[in-house]
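Student: Can you read through this structure? Questions will come right after.
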Amino acid sequence: MKRPNLLVLPPFLVLLCASASIAAGLGKGDPAPPFELESVKGKAVSSSHLGESGLSIVAFISLESKPSRELALSLANVVKEHAADGISVLVVAGDSADALKQFAEQHSLGYEVCADASKETLKRYGAEHVVPITYLVGPGGSIAKVVRGGGMVSQQVLLAVAEKQFARGDADTAGELYSKVAAEDPKNVEARAGAGFALAKQGKLERAEEEFQAIGKLGGEGQSAAAEGLAEVALRRGDLDGAAEKARTSQGTYASVIRGEVAARRGDLGGAQREFQVASAKEGQFPWQQALGFNNLARVTKEKGDLKKAVQVYDQAIEKEPFLVEARSNQAVALEKSGRLDDAKKALSQAKKLAPDNELVATLLRRIDQREKEKLDLERQKLTNQLVNDLVTAYRSGKLPKAPADEWSPRRLVLSFLDVKNQLGLAAPDGISEAFLQSVTRELQDAGRVTVVEREVIDKLLAELKLGSSELADPATRLKLGRVLAATVIGTGGFYPASRLGELQLRMIDTETTEVRSTISEKLESADRVATLATAVAKQIGDELRTDYPLHAKIAEVDGGEIVVGAGRKHGVAPGFRFKVVKDGAPVEVDGEVVGYRQTTVGTLEITKAEDGFAYAKAVDGRDFQKGQKLLEVAAE
C-alpha cells in the first residue's frame, strides 16, 4: 500500500504555528503574555505593571482601521473621565512610531501608545492580522475579558469596562458607562439593564424601577432582564414577597440568585442552597451574576460548617468574575477562620488592588496584619495567656474584681464589646462585624479616654470557657463576663436588616447596676463604608461615656504653682485634659436621711504633662489648692 505524502514542517514553523494557536485561543483566566515596549513618548512600558491600578485595558489597533481609531478615541474619554477610578489604558499598534505619535498628540489621547515594530507583542496577543482586539487585565496580570473587533467595538469595550467596574463595587463609574452606551443605542438591553442595576446598587431604587419597567417594554431578553431587575429592587427594599414573585417570572441566572437570597433571609438554607446551585450552573446576562451564585453558595456552605469546601467554591466565583471584590473578601474571612492567615492576606491584598477605597477590605487586611504581629510578639502572647488564665479562674470561682472603696479614687473607663453579631445574612459581605469592632476599638483607643478590652483576650477567654453564641445570649452571662474583665460598661448588639442595607444597634450596659446607659442606632448605608460608620459611633460612645462616667481623682501634691494630680495616662489623662476642683457643700436629705452633698466648684485645672499613674496640672481659674481636694473631669465640648 502506498503511503500518503506527509508535509513535514521545519521546527521554526512548528513553533510559529503553536504560538499563533495559543494567541488565537487567549481568553479569560489566561495570564497576559509578557512584553517590554517603549511608548511614543519614550517611556518604558512593561506587562509586569498590568492590573496594578485595578483594571488595565490593553487595546491592539491599526491606524488604517476605522473601528481601531474610533476605539482609541473612545478610550481617551474613558481615561480623561475615569483614570482616578483605577482604570489605565495602553494601546499597541504595528504602525510606525512617528505615525502613532502624531495621532496621539493630535487627539490628546492621555494614555501610553506603543509601536510594536517587531510585531512580537501583536503575535502573542493574536493581533497581528485582526484588529482591534482589547484585553481587560486585572490584578496579578490575568485576563478578565477579551473583546475582538466587529461592529460597534467601542460600545462593546465600554460595556466590558462597565461590567468590571460594577463587579469591583464602583457603581458610579459603571452607571455612567452603561448610560453612555444606552444613550447611543436605547434598544441595547445589556446597557439599559446594567444602568438599572447600577442605580439599584446606588440606592436610587425609584429610578432603577423606572428603568427596568422601560426595559420590559423592549420585549424578548428585555422582559427577562426587567423581571430580574425589578426583583432586585424589591429585595433591596426588603420586600421579600415582591422579590420572590418577580423572580418567579424569569428563568435567568440572577432570578435564581434572588430566589436563593429570599430563602436565606427566611432561614431556609436548604432552599437557598438549591437556588444558588442552579444559578452557578449557567451563565447570566453579566458574569457577576453567575459569580454571585457561586459566592452565595460558598456562604451557605460556610454557614453549614464546611470551610474547606466554601473556600473552593469561592475560587469558582472568582474564576467566573475575577473583579468580584465581595467573593475575594468573603473568601479571606473563610481562610482566616480556617487558620490560613497568609492565604487570607493574599486574598485581601488582591481585593484591595481592585477596590482601594473599600473600607471593609482595608480594615480586614489591617486586622490580619495586626494578628500576624501579635503572633510574632512572644512576650505579649505569654502575658495574654496568663491574663486569660487568671480571668478563667476568676469567672469559675466567682471572685470578681471589687470596686475601689473610695469613690474618688481614679478608675479606668473600660468598655468590653460582647456578642456583637452580623444578622444581615447575604445582604452584606462576611466580616462586617469584625471590621466594625476593629475600627471602633482603634478610634476609642486613639481618643485615649476609653480603654477597650482587646478582642484577642475576649476570644481566648470565650474559647477557654467554651461559651458560644447561645450562652452569650444570656444577659447574666454577659454581665458576669463584663465584671470579670473589669469593664465599666459592656457593649452588645449587632447589625440587623433594615431599609437599604441594614442598621447597627448597640446597647451600653453598666456592669454594676445592669442599667442600659445608652442605646445607639445608626444606618449602615454601604458595607464598604463600615470604617466611616465606626468613626461616628466611636465619637458618640466616647462622648456619652465621658458624660455618664466622669473621671474622679484627687490632688496628690501642691508645690508652689505646680500641682500633681493622682490620675495619669493609664486612666485616660492626657495634656489638655481638664478637671473641676470641687468640694462638698450643703447636704441633700430625703426623709431625714442624707443621700449626698451639693458640690461647689472652687477652680479648674488643666493637665500639662501626664505620667503613667499621675499628672502635672496648672490652674486655669481658682486658687489656694490643697492636697486631697476632689477632682471631677470636665466633659469635652
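Student: For helix 359-376, report the angle its Cα long axis makes with the longest principal axis of the Cα atoms of the chain; keep it between 0 and 90° and round to the nearest 10°.
Tutor: The angle comes out at about 70 degrees.
Student: Next question, about the same structure. By how many degrees, 0 to 90 and rounded to 10, does the Cα axis of helix 269-280 deviate from the longest principal axis of the chain?
Tutor: Approximately 30 degrees, to the nearest ten.
Student: Can you give the FRET efficiency for Ser96 and Leu383, using 1/(1 + (r/R0)^6), R0 = 60 Å, r = Cβ-Cβ distance, to the nearest 0.05? Intermediate results must be reported in sequence, preceding the final value.
Tutor: Values: r = 69 Å, r/R0 = 1.15.
Computed FRET efficiency for Ser96 and Leu383 comes out at 0.30.
Student: Determine the relative contact order of segment 496-637: mean sequence separation of Cα pairs under 8 Å and six or more apart, normalised by residue count, in whole percent.
Tutor: 22
Student: Evaluate E = 1/(1 + (r/R0)^6) for Thr547 and Glu245, where r is the Cβ-Cβ distance and R0 equals 56 Å; express this FRET efficiency to the nearest 0.05. Write out the running numbers ahead of the final one.
Tutor: Numbers: r = 49 Å, r/R0 = 0.88.
Calculated value: 0.70.
Student: Using a Förster distance of 45 angstrom, determine the FRET efficiency expected from the C-beta separation of Lys480 and Glu319, and round it to 0.05.
Tutor: Result of the calculation: an efficiency of 0.40.
Student: Same structure again: Can you give the calculated 222 nm mean residue ellipticity of the chain, where each DSSP H run of n ≥ 4 adds -39,500 (n - 2.57) and the sum is split over every residue, rounded to the nearest 500 deg cm²/dmol? If you can, show how the numbers build up before the last one.
Tutor: On the way: 23 runs with 306 residues, N = 637.
Rounded to the nearest 500, the figure is -15500 deg cm²/dmol.
Student: So for segment 138-184, averaging the separation of alpha carbon pairs under 8 Å that are six or more residues apart and normalising by length, what relative contact order in percent results?
Tutor: Reported relative contact order: 28 percent.
Student: If you don't mind, there's one more thing I want to ask. Sort 537-543, 165-171 for me by packing, meaning the mean count of neighbouring Cβ atoms within 10 Å per residue, highest on top.
Tutor: Details: 537-543: 18.4, 165-171: 26.1.
Top to bottom by mean Cβ count within 10 Å: 165-171, 537-543.
Student: Helix 287-303 against the longest principal axis of the chain: what's the angle in degrees, Cα atoms only, rounded to the nearest 10?
Tutor: 40
Student: In nm, what is the difference between 0.36 nm times the number of residues separating Val620 and Arg366 and their Cα-Cα distance? Could the numbers behind the result be given before it?
Tutor: Working: separation 254, 0.36 × 254 = 91.44 nm, distance 4.14 nm.
Taking Val620 through Arg366 to full extension adds about 87.3 nm, to one decimal.
Student: What relative contact order, as a whole-number percentage, does the chain give when Cα pairs under 8 Å and 6 or more residues apart are counted? Present the calculation step by step, with values, prior to reporting the outcome.
Tutor: Numbers: 1174 pairs, mean separation 50.2, N = 637.
It rounds to 8 percent for the chain.
Student: Also, quick follow-up: Extending each Cα 7 Å along its Cβ direction at Lys375 and Glu206, get the distance between those two points in nm, one decimal.
Tutor: Placing both labels 7 Å beyond Cα along the Cβ direction yields 5.1 nm.
Student: Here's another thing I want to ask about it. A 21 angstrom limit on the alpha carbon distance is what I want to check against. Which of Lys421/Lys466; Lys308/Lys337; Lys80/Lys123; Lys80/Lys187; Lys145/Lys246; Lys466/Lys570 exceed it? Don't skip to the end; give the middle numbers.
Tutor: Values: Lys421/Lys466 18 Å; Lys308/Lys337 10 Å; Lys80/Lys123 29 Å; Lys80/Lys187 27 Å; Lys145/Lys246 31 Å; Lys466/Lys570 31 Å.
Going by Cα-Cα distance, Lys80/Lys123; Lys80/Lys187; Lys145/Lys246; Lys466/Lys570 fall outside the 21 Å limit.
Student: Share of antiparallel DSSP beta bridges in segment 34-104, in percent to the nearest 5? Provide the component values of the computation, followed by the final result.
Tutor: Details: 3 of 10 bridges.
If I count the DSSP bridges inside segment 34-104, around 30 percent turn out antiparallel.
Student: According to a simple spin-label model (label point 7 Å from Cα along Cα-to-Cβ), what is the distance in nm between Glu105 and Ala586?
Tutor: About 9.1 nm, to one decimal.
Student: Which order do peptides 589-598, 92-101 fall in by mean Cβ count within 10 Å, highest first? Intermediate values should be presented prior to the final figure.
Tutor: Working: 589-598: 8.8, 92-101: 18.9.
The densest-packed peptide leads the list: 92-101, 589-598.
Student: Averaged per residue, what accessible surface does segment 476-585 expose to a 1.4 Å probe, in Å²? Mind showing how you got there, number by number?
Tutor: Working: 4560 Å² over 110 residues.
Accessible area per residue: 41 Å².
Student: Once both labels are modelled 7 Å past Cα along the beta-carbon direction, what's the Ala117-Glu283 spacing in nm?
Tutor: With each label placed 7 Å out from Cα toward Cβ, I get 4.1 nm.
Student: Tell me, in nm to one decimal, what length is gained between Glu81 and Lys346 on full extension, where the rule is 0.36 nm per residue of separation less the Cα-Cα distance?
Tutor: Values: separation 265, 0.36 × 265 = 95.40 nm, distance 3.05 nm.
Fully extending the segment from Glu81 to Lys346 adds 92.3 nm.
Student: Want the number for Thr532 to Arg237: 0.36 nm per residue separation, take away the alpha-carbon distance, what's left? Present the calculation step by step, with values, prior to reporting the outcome.
Tutor: Values: separation 295, 0.36 × 295 = 106.20 nm, distance 2.31 nm.
Full extension from Thr532 to Arg237 adds 103.9 nm.
Student: Just for the chain, what percent of DSSP beta bridges are antiparallel, to the closest 5?
Tutor: Within the chain, antiparallel bridges account for around 75 percent of the total.
The values are calculated or read from the model by the stated rules, or taken from the named source; none is laboratory data. Note that this is a predicted model, so its numbers are computed, not measured. Using ideal geometry, Cβ is built from the backbone for each residue, glycine included, and neighbour counts are taken over all protein chains shown. All accessible areas refer to the heavy atoms of the entire protein, side chains included, with ligands and DNA or RNA removed. Shrake-Rupley method; radii C 1.70, N 1.55, O 1.52, S 1.80 Å.
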